[in-house]
Amino acid sequence: MLDGIKAIAKGLGTTFKALTEPRDTYPYPEKRREYSPRYRGKHMLAKDADGHELCVGCGLCEAVCPAHAIRVVAAEAPSDKPVSWTNRYSIDYEVDLIRCIFCGMCEEACPTNAVRLTPFNELAAYDREAMIADKEELLRPAIRK
Amino acid sequence: MIRLTIDGQEVSVPEGTMIADAAAKLGIDVPVYCYHEALGPLGACRMCLVQVEKMPKLATACTTAVSEGMVVHTSNPQVDKGRKGVLEFLLINHPLDCPVCDKGGECFLQDYTFQYGPPAGRFQEPKIQKVKDGPINEFVLVDQERCVLCQRCVRYMGEYVGEPQLLLEGRGVETVVTTVDGQPATSQFAGNVIDLCPVGALLSVPYHHKARPWNIERQESICTLCPVGCTTLATGRDGHVVRVEGRPVPDYSWGWLCDRGRFGFDFAVNPARVTASWLDGHEEAAARTTRQVGQWLSQVAQEQGGDHIAMVVGGLHSTEEAYQLKRFAEDVLKTRRLAVSRDVPGYLPRALNGTFADLDAADAVVLIGSDPYDAVPVVHLRLRDRKRHAPSTQIWGVAPRNLHRETLPVNTLVTHAGFEAAVMAAALKRVAGTHEAVARLTADLVDSVEADPAQLEALGQELISSQHLTLLWDGQESDVESVLVALATVRGDKPTRVLPTWGPSNWRGFERAGFSARIEDLTRILEDARDGKIAMLMLFGADLLREYPDQELVRQAYDKVPFLIAEGLFPPMDAERFRAILPQAGPSEVYGTYVNMEGRLQVASPSVQPPGQARPVKSYITAWAHALKTSFTLPEDWDPYDDESGDLVPAEPMPTAVRAVSMPVQEAGELELVTGPLVVEDGIPSDILKPRIPEYPGRLSPEDAARMGIENHGLVRLTRQGQSIEVAVAVDAAMTPGRIFVPLGMVQSPVNKIGSGVVEAVRLEEVHSA
Ligand code: SF4
Ligand code: SF4
Ligand code: SF4
Ligand code: SF4
Ligand code: FES
């Protein structure tokens with residue numbers, strides 16, 4: 001009987017001690033952790049200083065992706081309305097964020113440094129469709145609020 | 001045979017073989033740019049350096065012939081250093097814009113640099129800038145910066161095709177590939193330079209910036225747009241064919257294509273294509289139309305009997321599909337009214353059918369009516385190649401117009417329209433008149449065949465005495481069949497081989513499947529239809545109004561048939577008369593075997609899905625069998641290949657019966673209409689090819705044009721036996737005076753409405769819509 005009370009007191013003692021210790025968890029989303037700038041999260045497509053897209057639709061990211069998460073369709077831009085910095089551009093660019101394993105190989109393969117992995121990692125949606133990031137979405141990199 | 005050692009392996013090859021080919025025989029890869037077996041050695045690029053023992057310097061494997069006891073090393077420090085050096089030089093001015101280059105991923109400069117090249121170049125100066133994406137013609141782009149100056153393209157056009165429309169301009173590092181006088185290259189073989197160029201300097205316009213080797217479906221296929229049946233690779237991406245390339249097959253073909261086959265693939269996505277269906281004039285879901293046709297079939301079969309249903313197959317259907325139709329017709333419908341759609345009356349017995357190897361072996365070639373450049377383009381190339389390698393090869397023509405071309409000299413005996421068989425028979429009579437077969441052949445021939453006796457004699461001699469005779473025949477005169485049989489009989493053991501140049505391209509395949517390809521059977525169906533004996537006429541890929549030689553008979557037949565049904569890629573002519581039109585799945589959309597003019601079976605694999613509601617024939621058949629309440633199941637295991645004959649359709653015994661050639665009557669008149677196929681105008685639309693499709697497809701000699709007051713081109717009305725057609729004609733200096741050429745099968749100028757022969761021609765004012 002006495003042993004039992006001792007054991008309970010010891011257990012509760014640990015509990016009360018832990019209450020006053022500093023916390024390891026964050027009250028997400030009220031408070032958010034700072035990640036390393038090299039963290040590999042959601043992709044973005046970059047533009048140059050003149051506002052031209054850097055992506056030329058070469059498809060190397062698509063070729064290198066181990067998860068087959070990327071789809072690129074290239075096209076020729078009309079000479080008076082360039083989209084990228086050259087006459088070839090990607091008319092369609094999709095990343096399936098469910099398939100992606102965030103290995104960063106696409107970023108490494110890109111010869112124009114157009115596709116980049118941002119630290120943004122708040123990826124959630126109600127359906128799978130919504131997890132496919134299209135070009136529009138990737139051109140406006142997501143920012144954590 | 002010469003024995004030599006390459007990388008420690010011994011090989012014996014015939015004398016005169018180049019080291020590069022001997023190495024290839026051992027499976028050793030020697031990198032090459034300028035060398036191509038069809039073009040012969042040149043030694044321009046230095047990529048193929050190898051070390052030959054006892055030679056002081058590295059040697060080029062593509063220009064050094066083997067010699068007895070030679071010891072060759074294709075890979076050692078010295079060779080590697082040589083290759084590194086060559087590649088570093090090639091890359092000095094190379095833009096290295098692989099990310100925007102269509103060749104990226106399938107480029108020999110990438111591959112060889114990766115395999116043998118230096119890790120970095122030492123050249124720091126700015127690179128020379130040249131033309132990028134400049135036009136060669138409507139279909140080919142040139143990026144001069146990427147060119148490695150191998151000259152394959154220039155030599156191909158100049159030497160192989162004989163239309164020297166590309167050249168090298170400038171000197172040293174400033175050398176560029178360009179067109180003569182900056183004019184677009186007009187040759188129909190220009191597209192082949194895209195396949196030939198080892199780097200991304202010559203590019204396809206329709207494929208420009210379209211895809212990469214890793215995101216396409218590339219399948220072995222067959223071009224079915226003419227009877228040659230060239231071997232192709234069809235590239236599909238996102239459900240559409242986006243490119244067609246030539247596919248070399250060792251010891252069979254170099255993989256050349258004509259521009260019709262290379263760029264005409266977009267018929268599959270043409271807006272005119274049937275992708276849903278029509279039922280009594282309104283658009284309807286294909287499944288519903290299929291059910292309705294099934295009900296009609298069962299109604300006709302019950303009320304009148306299955307024999308009141310007739311089936312005609314044509315177009316781009318595969319041999320398997322024809323076989324399924326035939327089984328359905330015989331096992332379920334119990335009709336024997338089956339025929340192949342034909343646009344010329346001739347028929348060639350299987351036993352006389354030659355192969356392309358007969359062109360390569362021939363010492364005499366006779367073109368009966370056929371202009372290979374227009375009708376079977378790649379055969380024209382093959383013939384030219386034969387003539388280049390064996391200049392003594394005699395090429396004769398017997399045709400109602402001169403077949404001579406700059407690229408292929410043809411000694412043409414120009415006949416009147418309809419006189420080819422008579423002239424050939426007369427020529428035979430002169431040299432072998434006593435032979436029984438010739439006597440029978442010429443029984444009805446009166447000696448008034450208008451031709452130069454010396455020429456007739458010479459032709460006759462050629463026909464009889466050549467060692468290997470190969471003939472091309474356009475099928476316009478059915479009597480020629482008899483002439484050919486007699487000729488083969490007279491020649492006995494010496495090969496007499498014939499290549500038929502008419503469509504539909506797979507007619508021999510339809511025959512293999514059990515359809516009769518003789519026009520008499522088709523005519524009988526049409527006559528029975530006209531006489532009200534046919535309740536339902538089903539056309540599979542066939543467009544009889546456009547194709548059958550007598551348009552009037554087809555009209556009368558259509559008038560009398562209550563149920564006209566069509567299945568095809570495009571709506572048939574007079575589509576509004578059809579009760580139902582169903583969509584067809586084409587080549588590259590379904591697996592199929594096609595038989596070309598050699599009688600060779602070739603398989604085409606699908607690279608895309610059929611568009612819209614188009615389905616293979618068997619899904620219609622299954623639905624109809626169901627409507628007819630039968631338990632018919634399609635035989636899945638039929639194989640068009642034969643155990644004995646390999647990839648050729650089975651051999652048949654040589655026919656011996658010779659019919660007498662009937663003596664044609666020469667009508668009086670100044671101008672004769674002659675016709676023949678023109679592949680770019682074969683009725684299958686293509687938006688990509690539009691700039692090549694002649695606005696004025698008819699051809700007229702300058703003399704006749706001057707007489708009619710036509711300057712360069714104009715519109716004429718041709719009248720014959722009370723019927724007339726209007727044709728847009730261009731003046732063609734190569735055209736024989738007294739003849740006007742109008743291609744077969746043009747909807748706006750249907751030759752089959754008036755037939756060939758003497759015509760009344762009137763010039764019309766052209767109305768230009770603003
Ligand atoms: S990060 Fe890796 S898995 Fe994700 S898209 Fe890029 S290459 Fe593919
Ligand atoms: S030709 Fe080859 S090496 Fe040159 S840019 Fe094109 S892909 Fe790259
Ligand atoms: S364009 Fe291509 S084929 Fe022609 S010379 Fe240059 S590299 Fe050779
Ligand atoms: S020659 Fe005939 S089969 Fe060959 S590519 Fe041209 S159209 Fe097609
Ligand atoms: S391939 Fe031998 S020199 Fe070009």
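Read-outs: derived from the displayed coordinates by stated rules, not from any lab. Note that the coordinates shown come from a computational prediction; the quantities given were computed from them, not determined experimentally. Every residue, glycine among them, receives a Cβ derived from its backbone with ideal geometry; neighbour counts consider all protein chains shown.
Here are the numbers for this structure:
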{"quantity": "In order through the stretch A:92-97: 3J(HN,Hα) via Karplus (6.51 cos²θ - 1.76 cosθ + 1.60), integer Hz, x for Gly, Pro", "calculated": "9, 8, 10, 10, 8, 6"}
{"quantity": "Mean Cα-pair separation over length for chain A, i.e. relative contact order, pairs under 8 Å, 6 or more apart, %", "calculated": "28 percent"}
{"quantity": "Longest site-free stretch - chain B; sites: GluC sites (Glu not before Pro), DSSP loop, at most 10 other Cβ within 10 Å", "calculated": "B:69-405"}
{"quantity": "Least to most buried among A:T25, A:T118 (fewest other Cβ within 10 Å first)", "calculated": "A:T25, A:T118"}
{"quantity": "Cα long-axis angle, helix B:551-560 against chain B (0 to 90 degrees, to the nearest 10)", "calculated": "60 degrees"}
{"quantity": "Length released on extending from B:R707 to B:S631, taking residue separation times 0.36 nm less the Cα-Cα span", "calculated": "20.6 nm"}
{"quantity": "Per DSSP, loop trypsin sites (Lys or Arg not before Pro) in the stretch B:270-336 with at most 14 further Cβ within 10 Å", "calculated": "B:K334, B:R336"}
{"quantity": "Long-range tail of P(r) for the stretch A:25-71 (Cα pairs > 11 Å, %)", "calculated": "79 percent"}
{"quantity": "Karplus-derived HN-Hα couplings along the stretch B:755-767 (A = 6.51, B = -1.76, C = 1.60, θ = phi - 60°), whole Hz, x at Gly and Pro", "calculated": "x, 8, x, 5, 10, 8, 10, 10, 7, 10, 6, 7, 9"}
{"quantity": "Likely footprinting exposure, A:Y35, B:Y323, fewest C-beta neighbours within 10 Å first", "calculated": "A:Y35, B:Y323"}
{"quantity": "Using distinct alpha-carbon pairs, which all enter the 1/r mean, Kirkwood radius of chain A in Å", "calculated": "18.3 Å"}
{"quantity": "Exercise: per-residue mean of other protein chain Cβ atoms within 10 Å, B:207-213", "calculated": "5"}
{"quantity": "Tilt relative to chain B, helix B:519-530 - C-alpha long axis, 0 to 90 degrees, to 10", "calculated": "40 degrees"}
{"quantity": "Rg/Rh for the stretch B:578-665, where both radii come from Cα atoms and Rh is the Kirkwood radius", "calculated": "1.13"}
{"quantity": "Inter-chain shielding of B:569-577 (mean C-beta neighbours from other protein chains, 10 Å cut-off)", "calculated": "0"}
{"quantity": "Where the Cα pairs of the stretch B:217-331 fall when distances are cut into 10 Å bins, in %", "calculated": "11, 28, 30, 21, 10, 1"}
{"quantity": "Taking the stretch B:2-90 and dividing mean pair separation by its residue count, relative contact order in percent (alpha carbons under 8 Å, at least six apart)", "calculated": "34 percent"}
{"quantity": "Stokes-Einstein diffusion coefficient of the protein assembly as shown, Kirkwood radius over Cα pairs, 37 °C, 0.692 mPa s, in µm²/s", "calculated": "103 µm²/s"}
{"quantity": "Approximate shape of the stretch B:350-500 as ellipsoid semi-axes (Cα gyration tensor, √5λ), whole Å, largest first", "calculated": "23, 17, 14"}
{"quantity": "Loop-exposed GluC sites (Glu not before Pro) per DSSP, neighbour cap 14 Cβ within 10 angstrom, longest uninterrupted part of chain A", "calculated": "A:35-121"}
{"quantity": "Convex hull volume per residue for chain B, taking Cα atoms only, in Å³", "calculated": "186 Å³"}
{"quantity": "Reachable lysines from B:K81, criterion Cα separation under 19 angstrom, eight or more residues apart if same chain", "calculated": "B:K54, B:K57"}
{"quantity": "Computed over chain B: relative contact order in percent, which uses C-alpha pairs under 8 Å that are six or more apart", "calculated": "13 percent"}
{"quantity": "Degrees, to the nearest 10: A:2-20 long Cα axis against longest axis of chain A", "calculated": "40 degrees"}
{"quantity": "Shielding of B:132-141 by partner chains, average beta-carbon count, 10 Å", "calculated": "1"}
{"quantity": "Rg ratio (alpha-carbon, reference 2.2 N^0.38 Å) - the stretch A:1-44", "calculated": "2.15"}
{"quantity": "Cα-centred dipole magnitude for the protein assembly as shown, charges only on beta-carbon of K, R (+1) and D, E (-1), debye, nearest 20", "calculated": "2880 debye"}
{"quantity": "Ranked list, fewest to most other Cβ atoms within 10 Å of each Cβ, for B:D647, B:D474", "calculated": "B:D647, B:D474"}
{"quantity": "Cysteines, chain A, no other Cys beta-carbon under 4.7 Å", "calculated": "A:C55, A:C58, A:C65, A:C100, A:C103, A:C110"}
{"quantity": "Kirkwood Rh and Cα Rg combined as Rg over Rh, evaluated for the stretch B:698-765", "calculated": "0.92"}
